[in-house]
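The values are calculated or read from the model by the stated rules, or taken from the named source; none is laboratory data. Keep in mind the model is a prediction, meaning the values are calculated, not measured. Glycine gets a Cβ as well: all are built from the backbone with ideal geometry, and neighbour counts include every protein chain shown. We work out accessible area using only protein heavy atoms, side chains counted, and drop any ligands, DNA or RNA first. Shrake-Rupley method; radii C 1.70, N 1.55, O 1.52, S 1.80 Å.
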Amino acid sequence: MLEHHPDLTASVIYGLGWLYLLLFLMNCAWVWRSYHQDGEVKLFGQGVPVASIWALYAAMLGMISTAHLTGSNNPQMFLLRMPDAFKSAVDSLSGPVSFFSLSVGLFVAVILLREWIVKPTVGWVLLNASLIFLALSMTDYDFRQIVGKPDNVPIVAMLFICAYFTWLSFACAVENDKRKAAGKPLYSQEKNDKILVWPDLVYSELICMVLVTALLVAWGIVLQAPLEEPASSAKTPNPSKAPWYFLGLQEMLVYYDPWMAGVVLPSMILVGLMAIPYIDFNKLGNGYYTFNERKFAISTFLFGFLPLWVAMIVLGTFLRGPNWNFFGPYEYWDVHKLELLNNVNISEWFWYKVMNTKMPVAPAGSDQATQIGYILLREWLGLVITVAYLAVLPPLMAVTVFRKFFVRMGFLRFMVLSNLILFMASLPIKMVLRWSFNLKYIVAIPEWFFNI
Amino acid sequence: MLIIIGVCIWGALLSPFAMAWTALAGVTGIATLGTARFMFPNVLVEPPSKFKIGPASDYPLNAVSNKWKDQFGVWIVHTDQYEGKDLIYALSTVCTHLGCTPSWLDGEQKFKCPCHGSGFYITGVNFEGPAPRPLERVGLRIAEDGMLEVDKSMKFQEEMGQWVDATSFVDGSLA
Ligand code: FES
């Protein structure tokens, strides 16, 4: 490891002090809540209120905060920092494969463990853990360079907001599902929480509007938008990143031809979202939160949104560095990081490896029809696979896993649904194929700008 | 003029609706044409497509010259790695994936694109990342005065079998 910068500076330590102070105050409030709501636990044969454990934790945070706020005179010697062993372990484990598996694993875990996660205490512990992780990571120079960039601050905020609303919707859904199972009325019906639009709703909206505007103005003044060097057609910044909300698309472009990733798949996403009301045949769950009654719809949507969109934004923002290589969160962005990949098309693999011959090429000067024939012959395997994927799989799904769906939806709606799902699945499939077999294109016909 | 009058008379005879639609179509059509006019500016500030780049001896074997990249968007490559022949050729600096400008990495001996990570050998042939085809060559020849001359109005694509074209390279033994 080359020592290119100080990990910690006085201002960072001072700033973290304020963050811990905030955390301390938040936890003081939580102690109060816990004192009134949580009962006691048995510790060493004695009943101890849960609140006392939280109080201990809050006191610790208070001390940490004081240490930061007063101890910034010798940053080199400051001890509260992310351990190097942890950093190198995370860096060596991280890669596109582990990142993607982790995000999918997390997604599955959230759905399976939803009844446990939505408990307020669990939610609070997760929030604290993520904030402390962020605070400790901030003591690393490379992490701070990327996560603390003014450009990237909204993305960190977005992550917390996204997690919070997912948590909230699951909390409401689990509550309603429990009520349904017990034969009780829904939460919103029992605790009639209806309010008047005028004045209650309009007033709270007005207050929100004022607060958000004030926040945006303050943000705009405090964090300056970064300006880069003047644009030049001869020089592309390295790495060159799309606006953050498009980083999912940019990551898709790594695996697909611009036509597919830039035109076909995005239009499929838009059209698919518009088609949802028409292909949805489930009449339950209308106007209230539920998970059990809409398992398929909610999981499919969340899969497309969380691992395939939000996680791709995270990957693109924080983990893609110069030359679009993958970098661990604490890794130095080395422009010369060497990652050799030799990507092959299916046709190359088939003709060179399996058949042990050359690729079929039309003899020079042959007419249009012969050339087309040769190109189709060259790519036959990929074409067959693609056609099979889009034409054979849907009927197969109709008679196996989706049999009930097929019966209830009818032919046309089912075909639309299955094709949309297959298109969505094509992204992770292609990613996995690229990582495991260095596959470039399934069908590669650059002559016609047709690469899949 | 006559046509417009004719159309108006015809529309008036037919019905007010037809006239309204005709007028609308006419106005929209003219507005579209007016917009399309912007595609053909009166002055075009572009570097000339033909330019001299000095004698062949300026370009040593197995080196990529960045000299003309900023101004004209070409690399001059002299190498014997493409099919074992000693060639000088000019590669366009446009990535064949989505059009970013790759950079030549001397240490790794490859062109690497910062946008989605496509990599190309010194020959211009793609080998990593999503780029579906090799970088394009532009025209190169030895002018009458013995200097190399690039002609960016021609381009040669490997996958179309155009790299055998004699205007797409210059014999490297002249260097
Ligand atoms: S533009 Fe070069 S890799 Fe996408």
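Summary table below
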{"quantity": "Where A:Lys295 falls short, out of the listed (1) surrounded by fewer than 18 Cβ atoms within 10 Å (Cβ to Cβ); (2) within 10 Å of the chain's Cα centre (by Cα)", "calculated": "(2)"}
{"quantity": "Hey, A:Arg320 closer than 24 Å to B:Asn126 by Cβ, in contact with a strand residue (DSSP E or B) (Cβ under 8 Å, 6 or more places away or on another chain) and within 13 Å of another protein chain (Cβ to nearest Cβ) or not", "calculated": "yes"}
{"quantity": "Count - residues of the range A:353-371 that are in a helix (DSSP H, G or I) and within 14 Å of another protein chain (Cβ to nearest Cβ)", "calculated": "3"}
{"quantity": "Residue within the range A:137-154 that is touching a residue at least 40 places away in the same chain (Cβ under 8 Å) and aromatic (Phe, Trp, Tyr) present", "calculated": "yes"}
{"quantity": "Helices (runs of 4 or more DSSP H) enclosed by the range A:95-158 - at least 2 residues per element that are buried (at least 17 other Cβ atoms within 10 Å of the Cβ) and not β-branched (Val, Ile, Thr)", "calculated": "A:96-112, A:120-137, A:141-147"}
{"quantity": "Filtered residue count, the range B:78-122, keeping only those that are open to solvent by 20 Å² or more (accessible area, probe 1.4 Å), of a type in the set (Ser, Thr, Tyr) and within 13 Å of the ligand (Cβ to nearest atom)", "calculated": "1"}
{"quantity": "Evaluation of B:Gly146 against (1) more than 16 Å from the ligand (Cβ to nearest atom); (2) more than 21 Å from A:Lys440 (Cβ to Cβ); (3) touching a strand residue (DSSP E or B) at 6+ places or on another chain (Cβ under 6 Å) (one fails), failing number", "calculated": "(3)"}
{"quantity": "Residue within the range B:123-140 that is farther than 28 Å from A:Lys440 by Cα, open to solvent by 70 Å² or more (accessible area, probe 1.4 Å), part of a strand (DSSP E or B) and more than 14 Å from chain A (Cβ to nearest Cβ) present", "calculated": "no"}
{"quantity": "Verdict on A:Ser11 being under 21 Å from A:Asn128 (Cβ atoms) and outside the structural domain of A:Leu136 (by TED's automatic domain parsing)", "calculated": "no"}
{"quantity": "Of the criteria (1) without any contact (Cβ under 8 Å) to a residue 40 or more places away in the chain; (2) under 15 Å from the mean Cα position of the chain (by Cα); (3) away from the ligand (no atom under 16 Å from the Cβ), which one B:Trp75 fails", "calculated": "(3)"}
{"quantity": "Qualifying positions in the range B:99-122 - more than 9 Å from every other protein chain (Cβ to nearest Cβ) and part of a loop (DSSP other than H, G, I, E, B)", "calculated": "B:Asp106, B:Gln109, B:Tyr121, B:Ile122"}
{"quantity": "Test result for A:Pro75, surrounded by 12 or more Cβ atoms within 10 Å (Cβ to Cβ), out of contact with any Gly (no Cβ under 9 Å at 6 or more places or on another chain) and closer than 30 Å to A:Leu302 by Cβ", "calculated": "no"}
{"quantity": "Those helices (runs of 4 or more DSSP H) lying entirely in the range A:382-452 with at least 1 residues within 14 Å of chain B (Cβ to nearest Cβ) and surrounded by fewer than 16 Cβ atoms within 10 Å (Cβ to Cβ)", "calculated": "A:411-437"}
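Yes or no, residue by residue, for (1) within 27 Å of the chain's Cα centre (by Cα); (2) among the β-branched types (Val, Ile, Thr); (3) within 16 Å of the ligand (Cβ to nearest atom); (4) not in a loop (DSSP other than H, G, I, E, B):
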site	(1), (2), (3), (4)
A:Arg179	no, no, no, yes
A:Pro199	no, no, no, yes
A:Thr213	no, yes, no, yes
A:Ser240	yes, no, yes, no
A:Ala261	yes, no, yes, yes
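Results for (1) under 23 Å from A:Val314 (Cβ atoms); (2) away from chain B (no Cβ under 14 Å); (3) not hydroxyl-bearing (Ser, Thr, Tyr), shown as yes or no for each residue.
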{"residue": "A:Ser233", "(1), (2), (3)": "no, no, no"}
{"residue": "A:Lys241", "(1), (2), (3)": "yes, no, yes"}
{"residue": "A:Met252", "(1), (2), (3)": "yes, no, yes"}
{"residue": "A:Asp257", "(1), (2), (3)": "no, no, yes"}
{"residue": "A:Gly262", "(1), (2), (3)": "yes, no, yes"}
{"residue": "A:Leu265", "(1), (2), (3)": "yes, no, yes"}
{"residue": "A:Val271", "(1), (2), (3)": "no, yes, yes"}
